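Down below is the structure, laid out as structure tokens.
The values are calculated or read from the model by the stated rules, or taken from the named source; none is laboratory data. Predicted model only: the values in this text are computed from it and were never measured. Glycine gets a Cβ as well: all are built from the backbone with ideal geometry, and neighbour counts include every protein chain shown.
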Amino acid sequence: MAGAADGGGKPRVVLGVSGGIAAYKACELLRRLTESGHDVRVVPTASALNFVGAATWSALSGHPVASEVWSDVHEVPHVRIGQSADLVVVAPATADLLARAAHGLAPDLLTNTLLTARCPVVFAPAMHTEMWEHPATRANVATLRSRGAVVIEPASGRLTGADTGKGRLPDPAEIFEVCRRILARGAAEPDLTGRHVVVSAGGTREPLDPVRYLGNRSSGKQGYALARTAAARGARVTLVTANASLPDPAGVDVVRVETAKQLRTAVIEAAGDADAVVMAAAVADFRPSDYATGKIKKKDGQEPAPIVLVRNPDILAEISAERPRAGQVIVGFAAETDDVLANGRDKLRRKGCDLLVVNEVGERKTFGSEANEAVILASDGAETPVPYGPKEALADTVWDLVTLRLP
Ligand code: CTP
């Protein structure tokens, strides 16, 4: 069955496109997929061709394009395309397409492909908020997820016309990241399907006056990698992010905060029904005791007033002690400069979390870099070293260890 040589050894991706205005954004996804070495067959629905024509898809993919099962019948494309795919991604997926996929209807080539595919399937829905929230669509999405498909949550923002709300197609670059992660993990089942995970990321800022704050150098990249990889593994993800300037990962609910107190409120609220909470944010341990409502001015001949600090709540210790939901897995991070493992073990005990990702702060590691190296300590005594590599690889190892501990 699988393995037609036409992919030339490249991973074979089927890009399904259904009939929504966001179809034009799938051109960007297609370009990213082909430029990164994937062999892409585009299978648009007939209504998608009203938005972007077959010539565009064919030129960008280098393959013929058909939407009906009656083209090239001798090659049995309605069976072959799905069987030989390593990944099927439907972007945009309309409410109608999700309904047909959920019910196994197969009136055209794309829906036939979905029935014959045995590889991971990703849907990136785009529709008006009312359609996304309709009980019929909710039920169809739940059915698809229960069968192992990854359905990316739509983004919020401006929709076609004057409306705004949830329903936008996520950024094609982020859909591409989900596809890349799923392909990198092989045909593994999306093992976080049905789970809700909360990830905190970035670094908090503690204001001194309207223009100044105490902050830290966290870029948020590790937390974003955790959110992105969890979404690619099928989880519903809430990302509580403090002051990071990174694009929203696809399919992730993003809550923006600034201070440690705001981060605490947002994490505790989201943690109520979460299966796992990962505290990757660099939370300020202290904040200025006073906030000046007007800008603090220098005064000639006077030394500046000292800044008095007070403790911030320790969010990780608090949720580890309270466990808002039974069986919840809680993960902390520790950046250390000396006695890395000994300090890490001590911190794991003090914080009371289940896993602690300990990394040594160094020149090319941690802050702002694309790569990381760590040891993940577990409360049961296990130690998992993660070699120097992309932050996404570390993120996947964290989710592997979380998954093992979920009830
Ligand atoms: N953390 C938190 N709330 C805080 C401070 C930290 O939830 N007020 C979390 C971080 O998100 C991280 C972990 O705790 O997951 C480790 O934080 P760190 O500041 O390194 O630990 P501390 O207990 O402050 O230890 P030390 O100052 O001795 O390094």
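Quick notes on this structure:
- In segment 343-356, the residues that are modelled with pLDDT of 95 or more reach residues that are hydroxyl-bearing (Ser, Thr, Tyr) with C-beta atoms within less than 7 angstrom, at least six apart or across chains, in these pairs: 348/379; 351/320; 352/320; 353/320; 354/379.
- Candidate set from segment 155-185 (those that are modelled with pLDDT under 80 and not in a loop (DSSP other than H, G, I, E, B)); member that is nearest to residue 311 (Cα to Cα): 157
- Options 255, 310: the member that is part of a strand (DSSP E or B), within 16 Å of the ligand (Cβ to nearest atom) and either in the same structural domain as residue 141 (by TED's automatic domain parsing) or more than 24 Å from residue 402 (Cβ to Cβ) (or both): 310
- Residue check for residue 233: touching a Leu at 6+ places or on another chain (Cβ under 8 Å), under 13 Å from residue 152 (Cα atoms) and surrounded by 17 or more Cβ atoms within 10 Å (Cβ to Cβ): yes
- Screening segment 275-289 for residues that are of a type in the set (Gly, Ala, Ser) and within 15 Å of the ligand (Cβ to nearest atom) and picking the one that is surrounded by the fewest Cβ atoms within 10 Å (Cβ to Cβ) gives 284.
- Residue check for residue 289: of a type in the set (Ser, Thr, Tyr) and free of Cβ contacts under 8 Å to residues at least 24 places away in the same chain: yes
- Residue in segment 116-125 that is closer than 28 Å to residue 185 by Cα, over 21 Å from the mean Cα position of the chain (by Cα) and part of a helix (DSSP H, G or I) present: yes
- Selection of first residues in segment 153-176 that are farther than 20 Å from residue 90 by Cα and not assigned by TED's automatic domain parsing to the domain that holds residue 229 and of second residues that are surrounded by fewer than 22 Cβ atoms within 10 Å (Cβ to Cβ) and hydrophobic (A, V, I, L, M, F, W, C), restricted to Cβ pairs under 7 Å at least 6 apart or on distinct chains, gives the following pairs, ordered by first then second residue: 165/159.
- Of all the residues in segment 40-76, those that are closer than 21 Å to residue 9 by Cβ and buried (at least 19 other Cβ atoms within 10 Å of the Cβ) number 5.
Table: residues versus (1) more than 16 Å from the ligand (Cβ to nearest atom); (2) outside any loop (DSSP other than H, G, I, E, B); (3) within 24 Å of the chain's Cα centre (by Cα).
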| position | (1), (2), (3) |
| --- | --- |
| 234 | yes, no, yes |
| 246 | yes, no, yes |
| 268 | no, yes, yes |
| 273 | yes, no, yes |
| 291 | yes, no, no |
| 295 | yes, no, no |
| 300 | yes, no, no |
| 303 | yes, no, no |
| 318 | no, yes, no |
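- Under the condition of being near the ligand (Cβ under 8 Å from one of its atoms) and not in a loop (DSSP other than H, G, I, E, B), the residues counted in segment 346-356 number 4.
This table checks each residue for (1) farther than 14 Å from residue 279 by Cβ; (2) touching a strand residue (DSSP E or B) at 6+ places or on another chain (Cβ under 6 Å); (3) free of Cβ contacts under 8 Å to residues at least 60 places away in the same chain.
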position: 313; (1), (2), (3): no, no, yes
position: 316; (1), (2), (3): no, yes, yes
position: 327; (1), (2), (3): yes, no, no
position: 330; (1), (2), (3): no, yes, yes
position: 384; (1), (2), (3): yes, yes, yes
position: 407; (1), (2), (3): yes, no, no
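- Residue in segment 93-104 that is over 26 Å from residue 247 (Cβ atoms), modelled with pLDDT of 95 or more and among the basic types (Lys, Arg) present: yes
- Applying the criterion of being within 21 Å of residue 284 (Cβ to Cβ) and in a helix (DSSP H, G or I) to the residues of segment 330-345, the residue that is farthest from the ligand (Cβ to nearest atom) is 344.
- Listed by position, the strands (runs of 3 or more DSSP E) enclosed by segment 186-230 that each have at least 1 residues that are within 14 Å of the ligand (Cβ to nearest atom), crowded, with 17+ Cβ neighbours inside 10 Å and polar (S, T, N, Q) are 196-202.
- Annotation for segment 366-375: at least one member residue is surrounded by 14 or more Cβ atoms within 10 Å (Cβ to Cβ), part of a loop (DSSP other than H, G, I, E, B) and not hydrophobic (A, V, I, L, M, F, W, C).
- Some residue of segment 197-212 being within 30 Å of residue 407 (Cα to Cα), polar (S, T, N, Q), at pLDDT 90 or above and touching a strand residue (DSSP E or B) at 6+ places or on another chain (Cβ under 8 Å): yes
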